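Data first, discussion second: the structure below is written as structure tokens.
The values are calculated or read from the model by the stated rules, or taken from the named source; none is laboratory data. For clarity, every value in this text was computed on a predicted model and none was experimentally measured. Positions of Cβ are backbone-derived with ideal geometry, glycine not excepted, and every protein chain shown enters the neighbour counts.
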Amino acid sequence: MTSRMSYSPFSISTAALISQANLLKLTSLLCHALQFSFKSIAYYIRRASLINLSGLAGSSNSTGDDQKKLDVIGNDIFVAAMRSSGKCRLLVSEEEDQCLIFNENPKARYAVVCDPIDGSSNLDAGVSVGTIFGIFKLGEDTEGKQEELLLPGTELVASGFTMYGASAQLVITMKGGTVNGFTMDNALGEFILTHPNMRLPRSRAIYSTNEGNSLYWDEPVKEYFNSLKFPVEKDGKPYSARYIGSMVADAYRTLLYGGIFAYPADKKSPKGKLRILYECAPMAMIFENGKSSLAALKTVGASPYVLHANVFPQLVARPSTAAWNA
Ligand code: F6P
């Protein structure tokens, strides 16, 4: 039996990431800083139960959620890595009320948006969580002001996420590029390219949403999900439900297996729950480059008006026949 995984020099993550990065002149220092964050966060998540890092930190974040100890540590790691890369001028994190401005790097031209540990309510149960990030390029005349990154997702030059599960999986895409997946090899301490050119499979009858919110859904949303569960075609089979409750994990499964992921706005959260800048926009860019549907594209084009704004409609990812045939 031949192994899927190749250890040829071209599979080593740093080489692969840097060669992708060169396409857009995304600096290798920023790539190294991102990888350092993912490896460090993965390390602390794995050790959390052993070194008393489970549970709440006793504080809340910019969006009002209770912070876990690992939320605080993940954010500290990410902030320190971006600051010390020397290439990041602005940083927006879900865990920080304000945009962080690194004036010590006046020549830095990148703005990074991130959710250091997405899905952290799942942390203590050992369920997969992840880091989501997006990168904008600032103009040469940047003044390093937070307004400069209130941009639509179409302006992102790169985005990705790392899922911390049975293994750490890094998925990254560049503007107009393909989507590539890397698996962390703990022995080497490197991300290895294991899933080149990821594309949503054309069809798979899986839907992924928090159905517990259906009481609050608008009629068209209810009708849509009912159409998946009660097909009208003769011999039509209902979709299966899969919902982890960590967007990164649900998105990763959707990228690999296909199907639909959605977090619809509802009467309880009329503007939706997910945040546009560091949750929906980066994820939508990945799904768009992985041949997803128009709904994801609309999310890519939406523009935040404040740092932690939500977005409506919320991200819906499903395979797009048009994009596949293009
Ligand atoms: O936005 C944070 C998040 O944890 C996502 O990762 C996830 O998709 C969603 O919220 C889960 O929300 P709920 O618990 O309402 O289903």
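The table that follows gives values for the structure above.
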item	result
Verdict on residue 130 being in contact with an Asp or Glu (Cβ under 6 Å, 6 or more places away or on another chain), assigned to a strand (DSSP E or B) and not aliphatic (A, V, I, L, M)	yes
Enumeration of residues in the range 204-261 that are basic (Lys, Arg), under 30 Å from residue 178 (Cβ atoms) and out of contact with any strand residue (DSSP E or B) (no Cβ under 7 Å at 6 or more places or on another chain)	204, 253
Residue match in the range 228-246 (condition: within 16 Å of the ligand (Cβ to nearest atom) and crowded, with 20+ Cβ neighbours inside 10 Å)	yes
Any hit, the range 47-68, residues being in a helix (DSSP H, G or I), closer than 19 Å to residue 91 by Cβ and of a type outside the set (D, E, K, R)	no
Only one of 121, 159 that is surrounded by fewer than 16 Cβ atoms within 10 Å (Cβ to Cβ) and at negative phi	121
Of all residues making up the range 267-288, the number that are more than 10 Å from the ligand (Cβ to nearest atom), surrounded by fewer than 24 Cβ atoms within 10 Å (Cβ to Cβ) and either at pLDDT 90 or above or in a strand (DSSP E or B) (or both)	1
Any hit, the range 87-108, residues being buried (at least 19 other Cβ atoms within 10 Å of the Cβ) and among the hydroxyl-bearing types (Ser, Thr, Tyr)	yes
Some residue of the range 114-121 being in a loop (DSSP other than H, G, I, E, B) and modelled with pLDDT of 90 or more	yes
Any chance residue 263 is under 15 Å from the mean Cα position of the chain (by Cα), within 13 Å of the ligand (Cβ to nearest atom), farther than 22 Å from residue 194 by Cβ and of a type in the set (Ser, Thr, Tyr)	yes
All positions within the range 113-168 that are within 11 Å of the ligand (Cβ to nearest atom) and without any contact (Cβ under 8 Å) to a residue 60 or more places away in the chain	120
Residue satisfying condition, being on the phi > 0 side of the Ramachandran plot and in contact with a helix residue (DSSP H, G or I) (Cβ under 6 Å, 6 or more places away or on another chain), within set 268, 291	291
Failed criterion for residue 128 (all others in (1) modelled with pLDDT of 95 or more; (2) buried (at least 24 other Cβ atoms within 10 Å of the Cβ) hold)	(2)
Close pairs (8 angstrom Cβ cut-off, 6 or more residues apart or separate chains): closer than 15 Å to residue 199 by Cβ in the range 171-188, surrounded by fewer than 22 Cβ atoms within 10 Å (Cβ to Cβ) and β-branched (Val, Ile, Thr) anywhere	181/194
